[in-house]
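Student: After the structure tokens below, expect a handful of questions from me.
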Amino acid sequence: MLKLLIAEDELSFREGIIQRIDWPFYDIEIVGAAMDGREAINLMRENKPDVLLTDIRMPFMNGLELIQTAQDEGLSFYSIILTGHSDFNYARDAVRYGASEYLLKPCLPEDILEAILTVKEKIDKDQKNGSALQQLNQNWTKNIPLLKNQILNQWLSNPPLPLEDREQIIEEMGISLKHSKVHVGCLRIDTPDRREESKLYKRDIALIRYAAINILTETLLPLFHGFIEPIRYGEEILWLANIPDKETDTSLKKKMEELQRNMETFLKISITISISSVKPSLDEVHTAYLEALEAMAGRFYQGKGGVFLYSEHNQRCMVHTSILENEELHQLELEIKSHLENHNYEQALDHMDHWLDYIRCTSQYEKNEVHLRATIFILELQKFSQERKSSAFEWKDDLINWVERVPSIETLEELATIMQKIIQSIVEIDSQQKPLHRTVQAALEWIIHKYNTSISLESVAKETYVSNTYLSSLFKQELGINFLDYLHQFRVEKAKELLKQNYKIYAVAKLVGYQEERHFRTTFKKWTGLTPTQYQKNV
């Protein structure tokens, strides 16, 4: 009898498959039914099924990871993928890489039976044709990509071993590279703050990486005339490629920008790319990888979604003192606290901008060093606030959240947002009993009633009969935030209410005053740490 294992996390659907079909009538035995990928892989090890029927989305380990894990352990089986509409493209790719069939949910038991009988027919035919040798060859073929990945991972980690002949290895393993001019590229998916990632996003990321490698290969294959090997290296997606003689940095960047557009179009994700210098042979790819990582460091200062070439990478200045001993930053911090103490909130906010600009312009410190300095300064601001008002203890929970977020900040722009929010919070605490200036109050009323129109500093200043400069200055002084940032925060709060009601993203953008959906998405991400889609999935 054919041995069938079912991996499906929906109880009613799983039981329906088991109970509504007379499996013994078709010489099929169900040897296991798992509610998640982790349970399924244990059952596969124990029962060695001929056929795996698996949902693509499951807790702990999704369907593609289940198939890959079982194959890596040497298990031989046919697989049938169950998938929803949103995962159809992933399922179609899974068929190309080993799955025998796929079924689009919701589907009838008869559809499932038909797919399994089709696979059973293939198995019977293989057995009749004496397919043992063929199966052995198939298993070897399936294992080649894994073996290639392990070899290339080793090369990226270490220089060549004594007597190691990498040119011979690429020939024996069919690696699509030449032992000549080569570079290493790094593709990093621009994820949200890891603290804010939804469970759904974490479950999807394996599928996204799987599809991203396919898109990377199809996009870059013509550029390198087929001499490219994409690989998974820990959480990174990398590639090794031989560089054509006439390739320039300009044309290389254009192709990388095309890759970014393809990722946005097909997967709706933003990516950052860094590329090493060209090395004379594969013997030096371990140093090329380090260069790609160093070039990726530019992402902290210049933001996500860029293309960073090591050849254009400005070497950091030699720093003779640590960031903790930087006197210029220390002086700026003293001035910020002095302005806060004297209720000069506009000047405090301006000096906070100078503090950030100083770090941005020098670009001489590693990301972790900037994180350390920012954390110490945040704690100093907390102490300053507590000393001035006992009510400042209400700020404690927010402060802990900000301090926890700092180590996961990936760009200076994200750090700037947090520091601006902290100054804003201090001003709010300090001004709780103080009535707002009547001009600011009038401006706030105008924002409340007109936020979904083409409102601007100029238009509100005109309505309140003051100059643009004066209104901007008043906002900073009274609220600890500039006019435009306040408007964006107000719109984002309104957008949250609409997203909770399952409005479409483009509709929400229009309803809260953004003419371009892209602008709305960027602004929402800045002030919440999540994209509108991720926020909507969470709630």
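The values are calculated or read from the model by the stated rules, or taken from the named source; none is laboratory data. Just so we're clear, the structure is a prediction, and the values are computed from it rather than from any experiment. Cβ coordinates were reconstructed from backbone atoms using ideal geometry, including for glycine residues, and neighbour counts include every protein chain displayed. All accessible areas refer to the heavy atoms of the entire protein, side chains included, with ligands and DNA or RNA removed. Shrake-Rupley method; radii C 1.70, N 1.55, O 1.52, S 1.80 Å.
Student: Based on the Cβ-Cβ distance from residue 3 to residue 146, what FRET efficiency comes out when R0 is 30 Å, to the nearest 0.05? Let's see the in-between values first.
Tutor: On the way: r = 25 Å, r/R0 = 0.82.
Taking R0 as 30 Å, the efficiency between residue 3 and residue 146 is 0.75.
Student: Please give the helix 199-220 orientation as an angle from the longest Cα principal axis of the chain, in degrees from 0 to 90, rounded to the nearest 10.
Tutor: That helix lies at roughly 70 degrees to the long axis.
Student: Quick one: helix 396-405 against the long Cα principal axis of the chain, what's the angle to the nearest 10°, folded into 0 to 90?
Tutor: It works out to around 50 degrees.
Student: State which entries of 304/500; 148/181; 268/494; 253/279; 383/450; 304/462 exceed 30 angstrom in Cα-Cα distance in the structure shown. Present the calculation step by step, with values, prior to reporting the outcome.
Tutor: Details: 304/500 27 Å; 148/181 19 Å; 268/494 24 Å; 253/279 18 Å; 383/450 39 Å; 304/462 37 Å.
In this structure, 383/450; 304/462 lie more than 30 Å apart at Cα.
Student: Keeping the other protein chains in place, figure out the carbon and sulfur percent of the accessible area of the range 273-355, with a 1.4 Å probe.
Tutor: Heavy-atom surface of the range 273-355 belonging to carbon and sulfur, 1.4 Å probe: 50 percent.
Student: With the crude spin-label approximation of a point 7 Å out along Cα→Cβ, what separation in nm comes out for residue 18 versus residue 510?
Tutor: Here the answer is 4.9 nm between the modelled labels.
Student: For the peptides 62-71, 215-224, 461-470, what is the packing order when you average, over each peptide's residues, the other Cβ atoms within 10 Å and list the highest mean first?
Tutor: Peptide ranking by packing, descending: 62-71, 215-224, 461-470.
Student: Quick one: helix 109-128 against the long Cα principal axis of the chain, what's the angle to the nearest 10°, folded into 0 to 90?
Tutor: So the helix axis and the longest Cα principal axis differ by about 50 degrees.
Student: Shape call for the range 221-328 from the C-alpha gyration tensor, a ≥ b ≥ c root eigenvalues: rounded (a/c under 1.5), prolate (a/b greater than b/c) or oblate?
Tutor: prolate
Student: May I ask you to list the chymotrypsin sites (Phe, Trp or Tyr not before Pro) in the range 1-83 that are in a DSSP loop and have at most 15 other Cβ atoms within 10 Å of their Cβ?
Tutor: Values: sites: 13, 25, 26, 60, 77, 78; in loops: 60, 77.
Within the range 1-83, the qualifying chymotrypsin sites (Phe, Trp or Tyr not before Pro) (loop, at most 15 other Cβ atoms within 10 Å) are 60.
Student: Which of the aspartates and glutamates could a cross-linker bridge to residue 510, judged by Cα under 17 Å and excluding same-chain residues fewer than eight apart?
Tutor: Within the straight-line limit of under 17 Å, residue 510 reaches these aspartates and glutamates: 493, 497.
Student: With point charges of +1 on the Cβ of Lys and Arg and -1 on the Cβ of Asp and Glu, referenced to the Cα centre of the chain, which listed residue (80, 461, 536) lies farthest in the positive direction of the dipole?
Tutor: The residue sitting farthest along the positive end of the dipole is 461.
Student: What length, rounded to one decimal in nm, is gained on full extension from residue 458 through to residue 266, with 0.36 nm per residue of separation minus their alpha-carbon distance? Spell out each step's value before the answer.
Tutor: On the way: separation 192, 0.36 × 192 = 69.12 nm, distance 3.94 nm.
My answer for the length gained is 65.2 nm.
Student: Give me the dipole magnitude in Debye, nearest 20, for the chain about the Cα centre, with unit charges on the beta carbon: positive for Lys and Arg, negative for Asp and Glu. Kindly include the intermediate steps, with their values, before the conclusion.
Tutor: On the way: 63 positive and 81 negative charges, 219 e Å.
Charge dipole, the chain, about its Cα centre: 1060 debye, nearest 20.
Student: Which label marks the calculated value of P(r) over Cα pairs in 20 Å bins from 0, in percent, given the options (1) 15, 28, 19, 16, 14, 7, 1; (2) 19, 40, 27, 13, 2; (3) 17, 42, 31, 10, 0?
Tutor: It is the value labelled (3).
Student: With each pseudo-label sitting 7 Å past Cα toward Cβ, what's the residue 125-residue 73 distance in nm, one decimal?
Tutor: Roughly 3.0 nm, to one decimal.
Student: Provide the gained length on full extension for the span residue 107 to residue 232, in nm with one decimal, where the gain is 0.36 nm per separating residue minus the Cα-Cα distance.
Tutor: On the way: separation 125, 0.36 × 125 = 45.00 nm, distance 3.38 nm.
Separation in residues times 0.36 nm, less the Cα-Cα distance, equals 41.6 nm.
Student: Just add up the charged neighbours of residue 249: K/R +1, D/E -1, any other residue whose Cβ is under 13 Å from the Cβ of residue 249.
Tutor: Working: positive: 246, 253, 254, 255; negative: 247, 257, 312.
With Lys, Arg at +1 and Asp, Glu at -1, the net is +1.
Student: What net charge do the residues around residue 333 carry, taking every other residue with its C-beta under 12 Å from that of residue 333, with Lys and Arg at +1 and Asp and Glu at -1?
Tutor: -2
Student: Can you compute the label reach from residue 342? Point 7 Å from Cα along the Cβ direction, backbone N cut-off under 20 Å, restricted to the range 476-512.
Tutor: Under 20 Å, as judged by backbone N against the label point of residue 342, lie 476-481 of the range 476-512.
Student: While we're here: Using label points projected 7 Å from each Cα along Cα→Cβ, tell me how many nm separate residue 178 and residue 375, to one decimal.
Tutor: Inter-label distance under the simple model: 4.9 nm.
Student: Right, here's the next one. Using a 1.4 Å probe on the protein chains only, how many percent of the accessible area of the range 402-539 belongs to carbon and sulfur?
Tutor: Carbon-and-sulfur percentage of accessible area, whole number: 50.
Student: Would you list which lysines come within 24 Å of residue 125, measuring only between C-alpha atoms, while excluding same-chain residues fewer than 8 positions from it?
Tutor: Qualifying lysines at Cα under 24 Å: 3, 48, 142.
Student: Residue separation times 0.36 nm, minus the C-alpha to C-alpha distance between residue 258 and residue 360: what's the value?
Tutor: On the way: separation 102, 0.36 × 102 = 36.72 nm, distance 2.80 nm.
Gain on stretching residue 258 to residue 360: 33.9 nm.
Student: Rank 244, 107, 28 by how far each Cα sits towards the positive end of the charge dipole of the chain (+1 on Lys, Arg Cβ; -1 on Asp, Glu Cβ) and give me just the farthest.
Tutor: Highest projection toward the positive end goes to 107.
Student: Can you list which of the GluC sites (Glu not before Pro) found in the range 481-519 are DSSP loop residues with at most 12 other C-beta atoms within 10 Å?
Tutor: On the way: sites: 493, 497, 516, 517; in loops: 516.
Passing sites in the range 481-519 are 516.
Student: What number, rounded to the nearest 500 deg cm²/dmol, is the helix-based mean residue ellipticity at 222 nm of the chain, given -39500 (n - 2.57) per DSSP H run of at least four residues and division by all its residues? Before the final figure, lay out the partial values.
Tutor: Values: 23 runs with 311 residues, N = 539.
Value at 222 nm, helices only, nearest 500: -18500 deg cm²/dmol.
Student: If you don't mind, there's one more thing I want to ask. Probe of 1.4 angstrom, ligands and nucleic acids ignored: what's the accessible area per residue over the range 246-365, in square angstrom?
Tutor: 50 Å²
Student: Please go through the range 245-353 and write out the trypsin sites (Lys or Arg not before Pro) that DSSP classes as loop and that have at most 14 other C-beta atoms within 10 Å.
Tutor: Those that pass, being in a loop and sparsely packed, are 246, 268, 316.
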